[in-house]
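Each remark here refers to the structure printed beneath this line.
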Amino acid sequence: MTTKIYLLLTVILSSIVFSQKIQLKKDKILFNEKEVGILKSPYRDHFEFYNLANEKVFDADLKGVTLGKEQFLYYLDMKSADGKTTQIPYEVLVTSFKVDKIVAHQLAVKYHLFNENGFDKSELEKFFTTPRENLGDKYLAAKTNSIVEDNAKKSRLDNIRSLYNPRMGSNGEILINSGGFQSKIIGYSKAFNCVGFNNTGSCLEVTDLDGVKVASMYQTNQGLKTYLVRTFDNNEFTFTATRPYAPSDYAFINEFVANLFIEGYTLEHQAYYKNQELHQAKMNDAMKRSINLYEVPGYLVEKSGKKTEGAITIWFEMLDPERTGQKLPQDGADRFGQRVTLKKRLPGMNSMATKVYDADSGVHFCVSPNGNEECYYGLDVKGELMKKLQNYGSLYGNNSYFYRLVAKENKIMLLQDPVELQKYIIKTDLQPKGQMLDNRSNDKLSEKLADYLKDCKSVSDQLKNESLDLKNEENLIQIISDYSKCKK
């Protein structure tokens, strides 16, 4: 091991601050100024720990594997006086040029093998009997994998350079070969000065032909040649270059672009198509989650009583691809749930005819998406002031919507808003509009509904006198049942 390697390791310090003070004076180990043991190093990277009676307690050998020019994996190979062995990662927890002090510090403050009273037998027993992985085998496997990966990456880079020859134009254009000696621009680069080891500002940005910022490169604290890359699709990876970054170094930028190719980022219009693909996947997911009906088999009944079978489509709510929870527009007119489309096959023909019906046309339609028939009636309602104001504010006067039928008794119906499920509507044949039971207080709703059903005195009086909970569906079903039996 060289002093240069140790110096590099001491830079990478743990964020944990330990209060214990470990010192080495000649061969003595001091814990908070008190002698607690003896440390001998008869040869490089081998450390022998003795108690004050000069009895050996354990040995520690610092071993390591080199992954690359600036990448190292170190571990301590430990052996107790009675022959037990184990291995632990070598960790630099204190700033020091002396490896023996670093080792002693780690074994004391992290593994508690000794303290101001000397070596701790119980901690030593626990330490050497705790099952651990074989770091020697693990790091050698990592080295083998690293060599394989490096060779594979070098091969891919050689192929990319041979096929595409990515290079810089005089104004930041990124060019590649496009068959023969033809060249084409696939994007643009913009280089910046970087100060210190920080990733607050990018050093290099690459955009494609659509102006999408495909990749941004940042400095790291992992060395002068290792950089963090963030991409348009929220991916992050490290890029280790063969040379330090300089804004005017076209060779560096060429290498960076070649590495983008390795990671699968080929610029041109790739980001646009990937974003479109992602957007479509989100839209498909939003459609599945919505309560909208898309060409569901059913039938529609017009005001005249004419019944037509076909495929029914209606948008009750907005699609929410970003999963915000918003189902209806907060600004502007609310047109969702107002129009239903019926597609039917023309008699004796293979072609289809499509017709659109508004909720204020007096139609109702029924579908069976889950095996149970559900019917929806187009109505205008009393109440729903806030939605009406929202529509009027957008110069939109249509306030009729389709509502789901909950129950029907003779000439009275109970319906529910398919999106805002807390809203119910009671509709009698004697009134052109339904009565919305919206978010107003129960007392106000009771007053409004009593007036709406005043042609049935018993039900009207009950609503005035008994303070029924009008947000309870069972109560509402009972009300329309009582109304249907009313002797007027």
Quiz item: Of the residues that sit in the range 29-46 and are part of a strand (DSSP E or B) and either among the polar types (S, T, N, Q) or under 11 Å from A60 (Cα atoms) (or both), which one is most open to solvent (accessible area, probe 1.4 Å)?
Solution: K40
Quiz item: What residue, among those in the range 279-299 that are touching an Asp or Glu at 6+ places or on another chain (Cβ under 9 Å) and part of a strand (DSSP E or B), is surrounded by the most Cβ atoms within 10 Å (Cβ to Cβ)?
Solution: G298
Practice problem: Among the residues of the range 214-231, write down those that are open to solvent by 30 Å² or more (accessible area, probe 1.4 Å) and touching a residue at least 40 places away in the same chain (Cβ under 8 Å). | Solution: K225
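Conditions tested, residue by residue: (1) acidic (D, E); (2) under 25 Å from A142 (Cα atoms); (3) part of a helix (DSSP H, G or I).
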site	(1), (2), (3)
Y75	no, yes, no
F97	no, no, no
D100	yes, no, yes
A104	no, no, yes
H112	no, no, no
L124	no, no, yes
Quiz prompt | Flag if K408 is within 22 Å of C366 (Cα to Cα) and touching a Leu at 6+ places or on another chain (Cβ under 9 Å) | solution = yes
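Select from the range 204-214 the residues that are of a type in the set (A, V, I, L, M, F, W, C) and in contact with a Phe, Trp or Tyr (Cβ under 6 Å, 6 or more places away or on another chain) and list them in ascending order. Walk me through it before giving the result.
Residues of the range 204-214 of a type in the set (A, V, I, L, M, F, W, C): 204, 206, 209, 212, 214.
Within the range 204-214, V212, V214 meet the criteria.
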Quiz item: Taking only pairs six or more apart or across chains, which ones have beta-carbon atoms under 8 Å, a first residue in the range 457-482 that is under 13 Å from L445 (Cβ atoms), and a second residue that is β-branched (V, I, T) and open to solvent by less than 80 Å² (accessible area, probe 1.4 Å)?
Solution: L463/I479; L468/I479; L476/V406; L476/I426; I479/I426; I479/V459
Quiz item: In the range 325-381, how many residues are closer than 23 Å to L421 by Cβ and of a type in the set (K, R)?
Solution: 3
Quiz item: Is it the case that F119 is within 21 Å of K28 (Cα to Cα) and crowded, with 19+ Cβ neighbours inside 10 Å?
Solution: yes
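Name the single residue that is farthest from G378 (Cα to Cα) among those in the range 300-329 being acidic (D, E) and assigned to a loop (DSSP other than H, G, I, E, B).
Out of the qualifying residues, it is E322.
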Practice problem: Among the numbered conditions (1) open to solvent by 60 Å² or more (accessible area, probe 1.4 Å); (2) touching a strand residue (DSSP E or B) at 6+ places or on another chain (Cβ under 8 Å); (3) more than 20 Å from K154 (Cα to Cα); (4) assigned to a loop (DSSP other than H, G, I, E, B), tell me where S202 comes up short. | Solution: (1)
Quiz item: Taking the range 303-349 on its own, how many of its residues are of a type in the set (D, E), surrounded by fewer than 14 Cβ atoms within 10 Å (Cβ to Cβ) and out of contact with any Phe, Trp or Tyr (no Cβ under 7 Å at 6 or more places or on another chain)?
Solution: 2
Quiz item: For F58, all conditions in the list (1) at pLDDT 95 or above; (2) open to solvent by 20 Å² or more (accessible area, probe 1.4 Å) hold save one; what is the number of the exception?
Solution: (2)
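The values are calculated or read from the model by the stated rules, or taken from the named source; none is laboratory data. Predicted model, so just to flag it, every value in this text is computed and none were measured. Note: ideal-geometry Cβ built from the backbone for every residue, glycine included; neighbour counts use all protein chains shown. Note: accessible area is taken over every heavy atom of the protein model, side chains too, but ligands, DNA and RNA are not part of it. Shrake-Rupley method; radii C 1.70, N 1.55, O 1.52, S 1.80 Å.
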